[in-house]
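Scroll down for the structure; my scribbles are underneath it.
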Amino acid sequence: MFNKLSLKVGILFFFVIVIIEGFLYFVLYINLANERIDEVIGNLLARGNTHREVLEDNFTQTTLEHVGLMESASDFVVVITDPVGEVIVNSDPIDPEMTELIHSINYDKIPTEGIVIEDRWKDEPFIATDSPINISGEHRGHVFMFASTNQVKKILNHLSDQFTLIGLITIGLTIITIFLLTRFITRPLLNMKHATEQLSKGNHQVVLHTERNDELGELAKSITSLSNDLDRMKKERNEFLASISHELRTPLTYVKGYADIVQRQDLKASDREAYLEIIREETTRLSMLIKHLFELAKMDQHTFTIHREKVPFHLILKPIVDLINPVLTKEKLTLAIACPESIEGIVDPNRFQQVLLNILDNAIKHTHEHGHISLEVKQQKDRLDISISDNGEGIPEKELPYIFDRLYRVEKSRSRKSGGTGLGLTIAREIVEAHGGTIDAFSKKGAGTRVIIKLPRSEVDE
Ligand SMILES: Nc1ncnc2c1ncn2[C@@H]1O[C@H](COP(=O)(O)OP(=O)(O)OP(=O)(O)O)[C@@H](O)[C@H]1O
Ligand SMILES: [Mg+2]
């Protein structure tokens, strides 16, 4: 339960909070304590002033004794002196410190509202006030009030006891809060750690709670989507391997079968020739398939690099047209090219020729005699559009989304004419995307197909 992170976060939180709380409590305590002391001293002075007022109204021996009697029952000590500090009445026995204090006063400087003559409650045994008695302008004496500092200390002790109790409760609550908080933060982290461990062990189906909408929720969502991606990739890889082995096995079966037949002595020369032709075609297809697969593997490993150059686009097209012209004549197809000479492409010329060749090859393979193919290059504001259309057999709507997938062929049976490897468009898409562009196909069964490449304007590579 106490994993490292929660412990670290918890201890850090604890110290920060305890320091803040300690500081605030300290300030509060000092303020409260000072207020209480001021209150005690203020009360003492007010009490002395009250006695002084009574005596100013009626300065008789009876009143003096009465005041002394009253305070003898209280926690305070009253000492009433004449104008020069000779004691007239005292409520309790007078300590030597009291006498010393009474005699140390400069009687002329005492204001009529009285003053505090001792407030060092920490060091002295008592605090004291002096209220002078003036009757009709005549200085008649002093009312000294003393209160034991034990009282003040008791009040402060009580206050500090209360603070200690509240402090302990606060620390307890802080610990509980931190414990819950760190669990709240670290538990999802631990779950995610567990999930990623599962992922690395090959279990790609992890379940995480992704309903939180904070950073931890986002992290959980990313891990879940990573696990889904890994799962999908694993499935794709298995499917791909299954199709690859199928793709390799089928031509090999043909080759082996026809090789066996060719060995037979009783075979007609023309048949032998025909079978050998099939063997040649199948081996060509096989080496083509392996070449394509190798290229795709390089693209996947990112060892595939493109070197962009600025070239007039019609120069990229020229070698392709020269290459396919004989096939076009043989298949009785026409090719119309619309590419203004001013258009320049910033592409890897060899790679791009491969893209166009793959697309044109498809158009030729899937267009009937006397069909028409057109290639149009248009300069848009911030991109280049290249569209290749044919009026051939088209692609059924439900097959269209898959034609860029690896090894995907609409016509599953391998007729001699259309039996490609199913990798041409996959390679084309990889190259176009490496150029930062997009490739899409639009088609209608029986009416024809149009492939559109959109290339954003880009910089020439160094
Ligand atoms: N212009 C087109 N007209 C009709 N179908 C097409 C066209 N272009 C592509 N297709 C369909 O899309 C599938 C995938 O094309 P792709 O070029 O990837 O593979 P392929 O031509 O079969 O093989 P490869 O190009 O590797 O020799 C083709 O098998 C074909 O069925
Ligand atoms: Mg093709």
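The values are calculated or read from the model by the stated rules, or taken from the named source; none is laboratory data. Owing to the predicted nature of the structure, the values given are computational and were not obtained by experimental measurement. So basically every Cβ, Gly included, is an ideal-geometry build from the backbone, and we count neighbours across all protein chains shown. When the accessible area is computed, the model is the full protein with side chains, heavy atoms only, and any ligands, DNA or RNA have been set aside. Shrake-Rupley method; radii C 1.70, N 1.55, O 1.52, S 1.80 Å.
How large is the dipole of the range 269-312 about the Cα centre if only Lys and Arg carry +1 and Asp and Glu carry -1, each at its Cβ, rounded to the nearest 20 debye? Can you show the working numbers first?
Working: 7 positive and 8 negative charges, 68 e Å.
For the range 269-312, the charge dipole is close to 320 debye.
The string of couplings for the range 47-61 from the Karplus curve (6.51, -1.76, 1.60, θ = phi - 60°) is 5, x, 5, 4, 4, 4, 4, 4, 5, 5, 6, 8, 8, 10, 4 Hz, one whole number per residue in order, with x for Gly and Pro. Where both bridge residues fall in the chain, DSSP classifies roughly 90% of the beta bridges as antiparallel.
The length gained on full extension between Met233 and Asp260, counted as 0.36 nm times the residue separation minus their Cα-Cα distance, comes to 5.7 nm.
Give me the number: length gained by fully extending Val321 to Asp361, i.e. 0.36 nm times residue separation minus the C-alpha to C-alpha distance, one decimal in nm.
Numbers: separation 40, 0.36 × 40 = 14.40 nm, distance 1.13 nm.
Roughly 13.3 nm would be gained on extension.
Pop out the carbon and sulfur fraction of the accessible area of the range 305-456 as a percent, whole number, probe 1.4 Å. Of all accessible area on the range 305-456, carbon and sulfur atoms account for 52 percent.
With the largest listed first and rounded to whole Å, the semi-axes of the equivalent ellipsoid of the range 150-242 from the Cα gyration tensor are 56, 10, 6. Annotation: Cα Rg of the chain relative to the compact-globule expectation 2.2 N^0.38 Å equals 2.28. A simple charge model with +1 on the Cβ of Lys and Arg, -1 on the Cβ of Asp and Glu and nothing else charged puts the dipole of the range 215-298 at about 200 debye relative to its Cα centre. Amide H neighbours of Gly371 under 5 Å, at least 5 residues apart or on other chains, H built in the peptide plane: list them. Residues meeting the amide H criterion: Thr334.
Once the 1.4 Å probe is applied to the protein heavy atoms, the chain comes out at 60 Å² accessible per residue. Within the same chain, lysines fewer than 8 places from Lys378 are excluded, and of the rest, those with a Cα less than 17 Å from its Cα are Lys310, Lys318, Lys454. Past 32 Å, Cα to Cα, is the threshold; run Lys235/Lys332; Lys256/Lys412; Lys193/Lys398 against it and keep the listed order. Distance filter (> 32 Å) returns Lys235/Lys332; Lys193/Lys398.
Computing FRET efficiency as 1/(1 + (r/R0)^6) for Asp57 and Arg120, where r is the C-beta to C-beta distance and R0 is 25 Å, gives about 0.15.
Largest first, the residues Glu341, Glu277 sort by 1.4 Å accessible area into Glu341, Glu277. A simple spin-label model places the labels of Leu12 and Met288 6.2 nm from each other, with each point 7 Å out along Cα-to-Cβ. Directionally averaged projected area (the range 215-298, Cα convex hull): 6.8 nm².
With the charge dipole of the chain set up from +1 on Lys and Arg Cβ and -1 on Asp and Glu Cβ about the Cα centre, the Cα lying farthest toward the positive end among the listed residues Asn358, Pro111, Met192 is that of Asn358. Each peptide among 209-219, 314-324 gets the average number of other Cβ atoms lying within 10 Å of its residues, and from highest to lowest they stand as 314-324, 209-219. Using a simple spin-label model with pseudo-atoms 7 Å out from Cα toward Cβ, Thr438 and Tyr408 lie 1.7 nm apart. Computed from label points 7 Å out along Cα-Cβ, the spacing between Tyr25 and Leu189 is 2.8 nm. Ordering Ala428, Pro340, Ala447 by Cα displacement along the dipole of the range 305-456 toward the positive end leaves Ala447 in first place; charges were set at the Cβ atoms of Lys, Arg (+1) and Asp, Glu (-1).
Relative to the 2.2 N^0.38 Å rule of thumb, the range 254-349 has a C-alpha radius of gyration ratio of 1.68. Which of the listed residues, Pro312, Leu323, Gln301, is farthest toward the dipole's positive end in the range 230-349, when Lys, Arg count +1 and Asp, Glu count -1 at the beta-carbon? The listed residue farthest towards the positive side: Gln301.
The Kirkwood hydrodynamic radius of the range 27-104, based on inverse pair distances between different Cα atoms, is 14.0 Å. Distances longer than 22 Å among the Cα atoms of the range 4-155: what percent of all pairs is that? Roughly 48 percent, once rounded to a whole number.
What does the convex hull of the Cα atoms of the range 292-332 come to per residue, in Å³, rounded to a whole number? Show your work: numbers first, answer last.
Details: hull volume 4.2 nm³, N = 41.
Each residue corresponds to 102 Å³ of Cα convex hull volume.
Quarter the surface of the alpha carbon convex hull of the range 330-462 and you get the mean projected area, 8.7 square nanometres.
Across the protein chains, with a 1.4 Å probe defining accessible surface, the residues Tyr402, Tyr408 rank Tyr402, Tyr408 from largest area downward.
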